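Below is one structure, written out as C-alpha cells; comments come after it.
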Amino acid sequence: MSSANPLMPQTATVLDITVETPDIKTLRVAGSEGLPFDFMPGQCAMLSVPPVGEAIFSITSSPTCRDCLEFSIKDVGSVSGALHAVSPGQQIGIRGPYGNGFPVDEMKGKDLLFIGGGIGLAPLRSLIGYCFAHRGDYGHIDILYGARSPADLIRKSEIKENWPEQPDTSVYLTVDAEFPDWSGHVGFVPSYVTELAFTPENRVAITCGPPIMIKFVLQALDKLNFAPEQVITTLEMRMKCGVGKCGRCNLGPVYVCKDGPVFNLAQLNALPAEY
Amino acid sequence: MLKKVITRDKLPALWAHLSEQGPLILPVQDGPVVLFKPWQEGTAVNLDAVNSAVSPKDIFLPREETFLHYRSGNQQLELKAVAEEEPVIAFGLHPCDLKAIEMLDRVFMEQDPPDALYRNRRERTTVVALACSEPDPFCFCNDFGIDPTAAPGADILGHLTDSSLLLEALTDKGKALLEQAGELLEDGSGEQVEKQEIKTADFGLKLEGLPADLKNRFDDPVWDEIYKSCLSCGVCTYVCPTCYCFDVEDFGHAAEGERFRCWDSCMYGHFTVMAGGHNPRPDRKERVRQRFMHKLQYYPEVYDEIACVGCGRCLRSCPVNLDIVQAIKALGGEKVEQR
C-alpha cells in the first residue's frame, strides 16, 4: 500500500479503570511505548472493541501527561458499553488524534473561564491540565462545573481538592437539586454563570456539556457581554472515519472531526445549526 | 500518443487477454440494466449503453471492502491490515463518471490525510474511458461543461463506431496497456475521429451563481416543501457518482473477524444518530437538505464546483422524482423564459 491507512488502528492496553459515577468510567490507555500518539487538548481518538466497533471519544488527559491517554466515557451506546466492560490489561484498538484542538496559543495571556456540565468536563479537563502545566501563559482560571447530582460529578478528587489549590484558580461546583450529602451550590450551570457575573474583559470562556446546558450557557454569556469570538465550545457528533470523509459530521463546508470539534461561537454561528 | 484500433468482432479476445492479469471491469448487460462488473467468459459486455444504472464509483470506493482482520483472546488484540495489490482495468467509463471520479479524488486523495484504500485502487487501476456517441434522454452533462467525447483523467480514450473501437493512449500507463495487448490491436495512427457535437437534455437549468445564492439559505422555507415526497429509500445516493458517504463496521465474533467499510447514505435516519439518541438530522427535511446542499453549496464552497455531473441516474431512479433537477429548480436554478 502506498501510504498508511488512516482507518487502521493500533493496539493499546487499558492500564486501569476508575469508576467515576454510576455510568462514567475513566480508562487509562497506553501503547507499547507509552503515549500512542502526540496530541493537543481538545483532540479526540477513535477507540474500538471488536466486534462491537469503533466510536470517537475526547481525550481527557493533558498532553503533558506522557505515559498514557485518559478517556472518561459515559455508558450510552454499544462501543461505550463495550469499553465499560473492558478489564485492566485488555487491549483495544485506537487511532488518532483527530480534530483541531483548543486554540491554546490564541488563549495565551487571557483569563480563562471553564464551564462544564456532566461528562462535558472530559474535553475541558485536557485543556485545564495543559494550562496548569503552562501556568505562566494564562491569567486567572475559573472552573465552573456542575452535574445532576453529587454522584454524577466526575474527577471528584481533582475538582474538590487538587484544582482549588492551583495558583490563581477558582473552582465553582454546583448540582441541579438539593441532596443530603451536598452542602455546596445548588442550581443549573447557566444560572450559576449569571449569578457569578463573570466579566468579559480579557477573558475566554470554554464550555462543554449537554446541548441544553450549552444553549443556555451561551445565552448567559451573551447577556454578560461576551463577544462570540470569546466563547469556545467543542461539538460532539456521530463520526465513523475521523478524517473528514465519511459524511456524518459534515456542517456546511466543514467536517467537525477534522475542522472541529473546537469552534468559537462566531465560527459556529456561520455554520448550519445542525449539531 | 499511441493509437490502436480493433474491430468489434475481436473484442471478446481483447477482454480475455486483458482479464488475465487482474479484474477487468466493464459495462455488462444484466437483465434490464447495465452495471459495471468484472469480465468473465460469456459476460454480456454492452459498450453501446450510455449510462450504467449504478455509477462505476465502486471500482474505487467499493460497496464494501474489508481492510483489517482482528483476532482477540486472553486480553490480547491483534489487528492485521488487509490490502489488495492486483492491477485492475476499468473499461468503458463515460466522461461524466470520470468527472465524478475527479471530484472524489479531491476528497479522498487531495484532502489530508489521503484515503489509502481509495488511493491504492486509483493507483493500480488503468482507466479506459469511452466517448459518448449519443446521449440518453436523462443525460444533462452539458450543463456542467463536460465534453461527452473527451476524458481528461483517463489513461485511454475509446471511440466506438459501428464496426470498431479506436483506442488512444492519454498517459504512459494507457500506452503500456495498449502495447501489452500486442497483435490483438491494429495500428490506428491513421484513424481520425470526427469531432461530434453531443447535445444533452435541456431541462432549463440555470446553475450560474447557484452555490453562492444558497450560502445563506439553510433556513429557507423552500426546504419545508422540497423534501415532502422523499421516501428515504436512499437510491439517489446509491446510484450517484459523486456521493461518497460511508460506514465502518465490524463483522465477526469476539475471537476473530474483520473490519470493513461500506457505502452509507445521508438519506437514512440512523446515519447521524448519536449513541445517546440525539440526531442532528432527525427527519427527511434535514436529510434531503443535507444531500442537496452538499452537492450544490457545501462541496462547491470548498472545491469551486457543483458536485453533480449530469449523469441523470437520480432522474431515472428516484421513485418520486425528487431528483437533482427538481431540487435545483425548486431552489431557483431555473432559466426564466425571455419574452
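The rows are residues; the columns are (1) in contact with a Phe, Trp or Tyr (Cβ under 9 Å, 6 or more places away or on another chain); (2) touching a residue at least 40 places away in the same chain (Cβ under 8 Å); (3) not aromatic (Phe, Trp, Tyr).
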residue: B:Ser133; (1), (2), (3): no, yes, yes
residue: B:Cys141; (1), (2), (3): no, yes, yes
residue: B:Thr149; (1), (2), (3): no, yes, yes
residue: B:Leu167; (1), (2), (3): no, yes, yes
residue: B:Lys173; (1), (2), (3): no, yes, yes
residue: B:Leu185; (1), (2), (3): no, yes, yes
residue: B:Gly190; (1), (2), (3): no, no, yes
residue: B:Gln196; (1), (2), (3): no, yes, yes
residue: B:Ala201; (1), (2), (3): yes, yes, yes
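Being polar (S, T, N, Q) and within 14 Å of chain A (Cβ to nearest Cβ): is that true of B:Thr66 here?
It is true that B:Thr66 is polar (S, T, N, Q) and within 14 Å of chain A (Cβ to nearest Cβ).
Please verify whether A:Glu70 is modelled with pLDDT of 95 or more, over 30 Å from B:Glu123 (Cβ atoms), outside the structural domain of A:Gly117 (by TED's automatic domain parsing) and touching a Lys or Arg at 6+ places or on another chain (Cβ under 6 Å), treating the condition exactly as stated.
The answer is yes for A:Glu70.
Please determine whether any residue of the range A:45-55 is away from chain B (no Cβ under 12 Å), in contact with a Ser or Thr (Cβ under 7 Å, 6 or more places away or on another chain), more than 26 Å from A:Val254 (Cα to Cα) and crowded, with 20+ Cβ neighbours inside 10 Å.
No, every residue in the range A:45-55 fails to be away from chain B (no Cβ under 12 Å), in contact with a Ser or Thr (Cβ under 7 Å, 6 or more places away or on another chain), more than 26 Å from A:Val254 (Cα to Cα) and crowded, with 20+ Cβ neighbours inside 10 Å.
Can you pull out the strands (runs of 3 or more DSSP E) entirely within the range A:197-275 that have at least 1 residues that are outside the structural domain of A:Pro41 (by TED's automatic domain parsing) and not β-branched (Val, Ile, Thr)?
Because the criterion is at least 1 residues that are outside the structural domain of A:Pro41 (by TED's automatic domain parsing) and not β-branched (Val, Ile, Thr), the strands (runs of 3 or more DSSP E) in the range A:197-275 that meet it are A:203-208, A:262-264.
Please determine whether any residue of the range A:260-269 is out of contact with any His (no Cβ under 7 Å at 6 or more places or on another chain) and facing chain B (nearest Cβ under 9 Å).
Within the range A:260-269, not a single residue is out of contact with any His (no Cβ under 7 Å at 6 or more places or on another chain) and facing chain B (nearest Cβ under 9 Å).
Looking only at the range B:62-113, filter to residues that are within 17 Å of A:Pro6 (Cα to Cα) and small (Gly, Ala, Ser); which one of those is farthest from the chain's Cα centre (by Cα)?
Restricting to residues being within 17 Å of A:Pro6 (Cα to Cα) and small (Gly, Ala, Ser), the top hit is B:Ala81.
For the range B:22-34, enumerate the residues that are touching a strand residue (DSSP E or B) at 6+ places or on another chain (Cβ under 6 Å) and modelled with pLDDT of 95 or more.
B:Pro23, B:Leu24, B:Ile25, B:Leu26, B:Pro27, B:Val28, B:Val34, listed by residue number.
Name the pairs whose Cβ atoms lie under 7 Å apart, with the first residue in the range B:74-98 and closer than 15 Å to B:Tyr118 by Cα, the second surrounded by fewer than 14 Cβ atoms within 10 Å (Cβ to Cβ), and 6 or more positions between them or separate chains?
Correct list of pairs: B:Pro87/B:Gln21.
Please state which one of B:Ala327, B:Ala307 is small (Gly, Ala, Ser), closer than 27 Å to B:Ala201 by Cα and under 18 Å from the mean Cα position of the chain (by Cα).
None of the others qualify; the one that does is B:Ala307.
Of the residues that sit in the range A:1-44 and are surrounded by 20 or more Cβ atoms within 10 Å (Cβ to Cβ) and small (Gly, Ala, Ser), which one is farthest from A:Asn100 (Cα to Cα)?
The residue in question is A:Ala12.
Exactly one condition in (1) part of a helix (DSSP H, G or I); (2) β-branched (Val, Ile, Thr); (3) surrounded by 22 or more Cβ atoms within 10 Å (Cβ to Cβ); (4) free of Cβ contacts under 8 Å to residues at least 60 places away in the same chain is false for A:Ile143; which is it?
All conditions pass for A:Ile143, except number (1).
The values are calculated or read from the model by the stated rules, or taken from the named source; none is laboratory data. This one's a predicted model, so the numbers in the text were calculated from it and none came from an experiment. Here Cβ is always computed from backbone atoms with ideal geometry, including for glycine, and neighbour counts include all displayed protein chains.
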